[in-house]
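Below is one structure, written out as C-alpha cells, with a few remarks after it.
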Amino acid sequence: MIIKTRLLYEAATFVAAVCCMQTASAQLTDQTQTPNIERAGIFKSLEEQIGAGVGDAFTPDSSTYIILRDPARSIRRGRQVFQRKFTNAQGFGPRTNDGIGDIDMQGAIGAGLIESCAGCHGRPRGSAGFGGDVVTRPDSRDAPHLFGLGLQETLADEITGELRAIRQNAINEARSRRQTVEKPLQSKGIRYGSIRAMANGTVDTSRVVGVDPDLRVKPFFAHGDTTSIREFVIGALNDEMGLQAVDPLTASAAAGARVVTPTGMVLNGATDLVKTSL
C-alpha cells in the first residue's frame with residue numbers, strides 16, 4: 001500500500017503549524033474502523049483525509065484549497081493524520097530489509113516499528129513530542145519535539161544561500177585577481193570556518209567547519225543529514241513505520257531536477273543530494 005504525496009503534504013502541514021494545535025490525545029483510531037459508543041477517534045477514513053490531494057486553490061477538498069479557506073480545519077486534518085494508528089492493510093510495516101543487513105551502512109534496519117507518528121513524537125501526551133535524543137532501537141523512542149520545524153527549515157536554507165554566495169564571491173574575486181582568495185564563512189552570527197578559492201575557479205574546503213563541503217546546512221536529525229521536512233517525513237514513514245511514501249517532487253529532485261514544493265521550499269538535485277523513497 002502506498003501513501004500518496006497528498007498524505008505527506010497533510011503531515012507536513014501539521015508539522016509546520018503544530019504550535020497552534022489544541023490539546024489532543026497522542027494516538028487515535030479511525031471510527032470507520034473502530035466504531036464505539038463514545039465516538040472517540042478520527043471521524044474520517046484515511047481515504048477521506050487524503051481527499052483530493054495537494055490540488056490547488058480551486059480544487060475542493062484538496063490540501064491547498066483547505067489551507068487557504070480554513071486554516072484551522074487544515075491543522076486539524078494534519079494533526080489527525082499525525083495521530084492516526086495505521087493498519088497493515090494501509091501499508092504499515094515491514095521493517096527495512098526485514099531488519100537484516102549492515103547496520104553501519106543503513107541504520108534504518110535497526111529501527112523498531114511504530115504505528116503512528118505520535119507514537120514517537122507524543123511526549124508529553126497530546127503534544128508533538130518533547131523527548132530527548134532520538135535513539136533508533138526496537139524497545140523505545142524518545143524523539144525530540146517538532147515545534148518550529150518550518151522555521152528551522154527556512155533558516156537553514158537561508159544560511160545555505162548566504163554561505164554559497166560567499167563561496168561564489170570568493171571564486172569570482174580569485175579569477176579576477178588571478179590569485180588565491182580566502183574568505184570567512186559566516187551567516188546569522190554563526191561561523192563555519194573559511195573557504196579558499198583558487199585562480200582557476202576550484203575551491204579548497206579543508207577549513208570549512210560545522211557543515212559539509214557543499215555548504216548545505218541540514219537541520220534535521222542530530223547528525224544533520226536531512227534538508228527538508230518533506231524528506232524527513234518520507235524517511236520517518238519508511239524507517240519507523242514501514243510505509244512507502246512515493247513523492248514525485250522529491251523523486252524529480254533526486255534525479256537532478258529543480259522543484260519548488262507547495263510550501264515554497266526549493267529542492268535542487270543539481271546542487272544537493274535529495275532523499276527519496278524511490
Could you say whether any residue in the range 6-13 is modelled with pLDDT of 90 or more and among the basic types (Lys, Arg)? no
Taking the residues in the range 237-271 that are of a type in the set (Ser, Thr, Tyr) and assigned to a loop (DSSP other than H, G, I, E, B) as candidates, determine which candidate is least open to solvent (accessible area, probe 1.4 Å). THR261
Considering only the range 206-218, I want to know if a residue exists there that is out of contact with any Gly (no Cβ under 6 Å at 6 or more places or on another chain), farther than 16 Å from LEU163 by Cα and surrounded by fewer than 14 Cβ atoms within 10 Å (Cβ to Cβ). no
Condition first: at pLDDT 90 or above, outside any helix (DSSP H, G or I) and among the hydrophobic types (A, V, I, L, M, F, W, C). Now tell me which residues in the range 48-58 satisfy that. ALA52, ALA57, PHE58
Filter pass, SER176 being hydroxyl-bearing (Ser, Thr, Tyr), part of a helix (DSSP H, G or I) and free of Cβ contacts under 8 Å to residues at least 60 places away in the same chain: yes
Does LYS188 fit the bill of being touching a residue at least 40 places away in the same chain (Cβ under 8 Å) and open to solvent by 50 Å² or more (accessible area, probe 1.4 Å)? no
Return the residue satisfying two criteria in turn: it lies in the range 59-91 and is assigned to a helix (DSSP H, G or I) and aromatic (Phe, Trp, Tyr), and of such residues it is nearest to CYS117 (Cα to Cα). PHE82
Can you work out which of the residues in the range 92-128 that are among the polar types (S, T, N, Q) and in a loop (DSSP other than H, G, I, E, B) is modelled with the highest pLDDT? SER116
Given (1) in a loop (DSSP other than H, G, I, E, B); (2) farther than 26 Å from SER45 by Cβ; (3) modelled with pLDDT of 80 or more, number of the condition GLY131 does not satisfy: (3)
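The values are calculated or read from the model by the stated rules, or taken from the named source; none is laboratory data. Computed from a prediction, not measured in an experiment: that's the story for all the values here. Every residue, glycine as well, gets a Cβ built from its backbone with ideal geometry; the counts of neighbours run over all protein chains shown. For the accessible areas, the whole protein counts, side chains as well, though only heavy atoms, and no ligand, DNA or RNA atoms are used. Shrake-Rupley method; radii C 1.70, N 1.55, O 1.52, S 1.80 Å.
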